[in-house]
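Below is one structure, written out as C-alpha coordinates; the observations come after it.
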Amino acid sequence: MAHRNPAPTVDIIIELIDRPHRPIVLIERLNPPHGWAIPGGFIDYGNSAEKTAHLEAEEETGLHIELIDLLGVYSDPDRDARQHTMSIAYIATAKGEPKAGDDAKNVRIVEIWEIPENLCFDHDRILHDYLQYRNYGMRPRL
(Lines give C-alpha, C1' and ligand atoms only; values in the text may rest on other atoms or scores of the structure.)
Protein backbone atom coordinates (compact mmCIF):
# COMPACT_ATOMS: atom_id res chain seq x y z
CA MET A 1 0.00 0.00 0.00
CA ALA A 2 1.33 3.43 -0.95
CA HIS A 3 2.00 5.88 1.86
CA ARG A 4 -0.22 8.99 1.65
CA ASN A 5 0.13 12.30 3.45
CA PRO A 6 -2.03 15.42 3.61
CA ALA A 7 -0.96 18.14 1.17
CA PRO A 8 0.58 21.10 3.05
CA THR A 9 -0.93 24.55 2.44
CA VAL A 10 -0.85 28.03 3.91
CA ASP A 11 -3.64 30.54 4.55
CA ILE A 12 -2.81 34.18 5.22
CA ILE A 13 -5.13 36.57 7.05
CA ILE A 14 -3.87 39.91 5.74
CA GLU A 15 -4.70 42.94 7.88
CA LEU A 16 -4.44 46.27 6.04
CA ILE A 17 -2.72 48.45 8.62
CA ASP A 18 -2.99 51.64 6.57
CA ARG A 19 -6.79 51.70 6.97
CA PRO A 20 -9.02 52.28 10.00
CA HIS A 21 -10.17 49.14 11.85
CA ARG A 22 -7.50 47.00 10.10
CA PRO A 23 -9.81 45.30 7.56
CA ILE A 24 -8.73 42.01 6.02
CA VAL A 25 -8.33 40.89 2.41
CA LEU A 26 -10.37 38.07 0.89
CA ILE A 27 -10.16 36.66 -2.62
CA GLU A 28 -12.91 35.28 -4.81
CA ARG A 29 -11.61 32.00 -6.19
CA LEU A 30 -11.31 31.64 -9.96
CA ASN A 31 -11.10 27.82 -9.79
CA PRO A 32 -13.32 25.33 -7.96
CA PRO A 33 -14.34 25.41 -5.25
CA HIS A 34 -15.79 28.83 -6.05
CA GLY A 35 -16.51 31.43 -3.41
CA TRP A 36 -14.62 33.73 -1.07
CA ALA A 37 -11.44 32.59 0.65
CA ILE A 38 -8.48 33.69 2.68
CA PRO A 39 -5.47 34.09 0.35
CA GLY A 40 -3.21 31.06 0.33
CA GLY A 41 -2.14 27.96 -1.52
CA PHE A 42 -0.12 24.77 -1.66
CA ILE A 43 3.46 24.66 -0.39
CA ASP A 44 5.75 23.62 -3.24
CA TYR A 45 8.54 21.16 -2.58
CA GLY A 46 11.66 23.09 -1.57
CA ASN A 47 9.75 26.09 -0.17
CA SER A 48 9.13 26.85 3.47
CA ALA A 49 5.65 27.65 4.74
CA GLU A 50 6.76 31.24 5.40
CA LYS A 51 8.14 31.72 1.89
CA THR A 52 4.96 30.23 0.44
CA ALA A 53 2.85 32.68 2.47
CA HIS A 54 4.80 35.62 1.02
CA LEU A 55 4.59 34.23 -2.54
CA GLU A 56 0.88 33.38 -2.39
CA ALA A 57 -0.04 36.75 -0.86
CA GLU A 58 1.84 38.59 -3.61
CA GLU A 59 0.52 36.35 -6.42
CA GLU A 60 -3.14 36.54 -5.32
CA THR A 61 -3.36 40.09 -3.94
CA GLY A 62 -0.30 41.97 -5.18
CA LEU A 63 0.55 42.85 -1.57
CA HIS A 64 3.91 42.52 0.15
CA ILE A 65 3.17 41.16 3.60
CA GLU A 66 4.88 40.95 6.94
CA LEU A 67 4.09 37.78 8.85
CA ILE A 68 3.06 38.72 12.39
CA ASP A 69 1.92 35.51 14.03
CA LEU A 70 0.99 31.88 13.52
CA LEU A 71 -2.73 31.50 14.19
CA GLY A 72 -2.85 27.72 14.03
CA VAL A 73 -2.72 24.52 12.02
CA TYR A 74 -5.92 23.17 10.47
CA SER A 75 -5.88 19.53 9.41
CA ASP A 76 -9.42 18.15 9.43
CA PRO A 77 -9.45 15.58 6.60
CA ASP A 78 -12.73 17.10 5.35
CA ARG A 79 -11.54 20.74 5.24
CA ASP A 80 -11.01 20.55 1.45
CA ALA A 81 -13.31 18.37 -0.68
CA ARG A 82 -10.60 17.98 -3.35
CA GLN A 83 -8.12 16.17 -1.10
CA HIS A 84 -6.86 15.95 2.46
CA THR A 85 -4.92 19.14 3.16
CA MET A 86 -3.23 20.60 6.21
CA SER A 87 -3.12 24.39 6.44
CA ILE A 88 -0.74 26.55 8.39
CA ALA A 89 -2.68 29.76 9.02
CA TYR A 90 -0.76 33.00 9.49
CA ILE A 91 -1.71 36.53 10.47
CA ALA A 92 0.09 39.14 8.39
CA THR A 93 0.02 42.87 7.82
CA ALA A 94 0.28 44.87 4.62
CA LYS A 95 -0.21 48.35 3.21
CA GLY A 96 -1.57 49.37 -0.15
CA GLU A 97 -4.32 48.50 -2.58
CA PRO A 98 -4.83 44.77 -3.23
CA LYS A 99 -5.29 43.64 -6.83
CA ALA A 100 -6.62 40.22 -7.87
CA GLY A 101 -4.03 38.05 -9.53
CA ASP A 102 -3.04 34.41 -10.19
CA ASP A 103 -6.08 32.23 -9.39
CA ALA A 104 -8.04 35.07 -7.75
CA LYS A 105 -11.07 36.18 -9.76
CA ASN A 106 -11.63 39.18 -7.51
CA VAL A 107 -10.28 40.70 -4.32
CA ARG A 108 -12.25 42.36 -1.56
CA ILE A 109 -11.31 44.43 1.47
CA VAL A 110 -13.61 43.32 4.26
CA GLU A 111 -14.35 44.83 7.63
CA ILE A 112 -14.64 42.19 10.34
CA TRP A 113 -18.40 42.71 10.57
CA GLU A 114 -18.80 42.22 6.77
CA ILE A 115 -17.28 38.75 6.35
CA PRO A 116 -19.38 36.88 3.74
CA GLU A 117 -21.05 33.60 4.60
CA ASN A 118 -20.08 31.71 1.44
CA LEU A 119 -16.49 31.04 2.46
CA CYS A 120 -14.57 28.13 0.96
CA PHE A 121 -12.95 25.26 2.82
CA ASP A 122 -12.91 25.76 6.60
CA HIS A 123 -12.17 29.47 6.32
CA ASP A 124 -15.20 30.33 8.46
CA ARG A 125 -13.57 28.40 11.32
CA ILE A 126 -10.17 30.00 10.71
CA LEU A 127 -11.71 33.49 10.70
CA HIS A 128 -13.72 32.67 13.84
CA ASP A 129 -10.47 31.67 15.55
CA TYR A 130 -8.80 34.83 14.23
CA LEU A 131 -11.57 37.02 15.69
CA GLN A 132 -11.27 35.26 19.06
CA TYR A 133 -7.52 35.86 18.99
CA ARG A 134 -7.76 39.46 17.77
CA ASN A 135 -10.56 40.52 20.13
CA TYR A 136 -9.83 38.46 23.25
CA GLY A 137 -6.27 37.14 22.88
CA MET A 138 -7.63 33.59 22.86
CA ARG A 139 -5.73 30.99 20.85
CA PRO A 140 -7.62 28.29 18.94
CA ARG A 141 -8.48 25.25 21.05
CA LEU A 142 -6.75 21.99 20.21
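The values are calculated or read from the model by the stated rules, or taken from the named source; none is laboratory data. Just so you know, these numbers come straight off a predicted model, no measurement behind them. Reconstructed Cβ throughout: ideal geometry from the backbone, glycine too, with neighbour counts over all protein chains shown.
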(request) Within region 86-93, identify whether any single residue is among the β-branched types (Val, Ile, Thr) and touching a Leu at 6+ places or on another chain (Cβ under 6 Å), and answer yes or no. (result) yes
(request) Select from region 98-122 the residues that are touching a residue at least 24 places away in the same chain (Cβ under 8 Å), of a type outside the set (A, V, I, L, M, F, W, C) and assigned to a loop (DSSP other than H, G, I, E, B) and list them in ascending order. (result) Pro98, Lys99, Gly101, Asp102, Asp103, Glu111, Pro116, Asn118, Asp122
(message) Just to verify a result, which residue in region 33-48, among those that are more than 12 Å from the chain's Cα centre (by Cα) and touching a residue at least 24 places away in the same chain (Cβ under 8 Å), is surrounded by the most Cβ atoms within 10 Å (Cβ to Cβ)?
(response) Ile43
(request) Test Glu15 against the criterion of being part of a helix (DSSP H, G or I), closer than 16 Å to Ala92 by Cβ and of a type in the set (Asp, Glu), and give yes or no. (result) no
(message) Being over 11 Å from Pro6 (Cβ atoms) and surrounded by 16 or more Cβ atoms within 10 Å (Cβ to Cβ): is that true of Ala94 here?
(response) yes
(message) Please determine whether any residue of region 16-26 is touching a residue at least 40 places away in the same chain (Cβ under 8 Å), surrounded by fewer than 13 Cβ atoms within 10 Å (Cβ to Cβ) and more than 23 Å from Tyr133 (Cα to Cα).
(response) no
(request) Could you check His64 against (1) surrounded by fewer than 18 Cβ atoms within 10 Å (Cβ to Cβ); (2) in a strand (DSSP E or B); (3) under 15 Å from the mean Cα position of the chain (by Cα) and say which number it fails? (result) (2)
(request) Report yes if some residue within region 75-85 is surrounded by 12 or more Cβ atoms within 10 Å (Cβ to Cβ) and touching a helix residue (DSSP H, G or I) at 6+ places or on another chain (Cβ under 8 Å); otherwise report no. (result) no
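Kindly indicate whether Ala89 is assigned to a strand (DSSP E or B), modelled with pLDDT of 95 or more and either of a type in the set (D, E, K, R) or surrounded by 16 or more Cβ atoms within 10 Å (Cβ to Cβ) (or both).
Considered against the rule, which asks whether it is assigned to a strand (DSSP E or B), modelled with pLDDT of 95 or more and either of a type in the set (D, E, K, R) or surrounded by 16 or more Cβ atoms within 10 Å (Cβ to Cβ) (or both), Ala89 comes out as yes.
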(message) List pairs: first residue in region 123-142 and under 17 Å from Pro23 (Cα atoms) and buried (at least 16 other Cβ atoms within 10 Å of the Cβ), second residue at pLDDT 95 or above and among the polar types (S, T, N, Q) anywhere in the structure, Cβ distance under 8 angstrom, at least six positions apart or on different chains.
(response) Ile126/Ser87
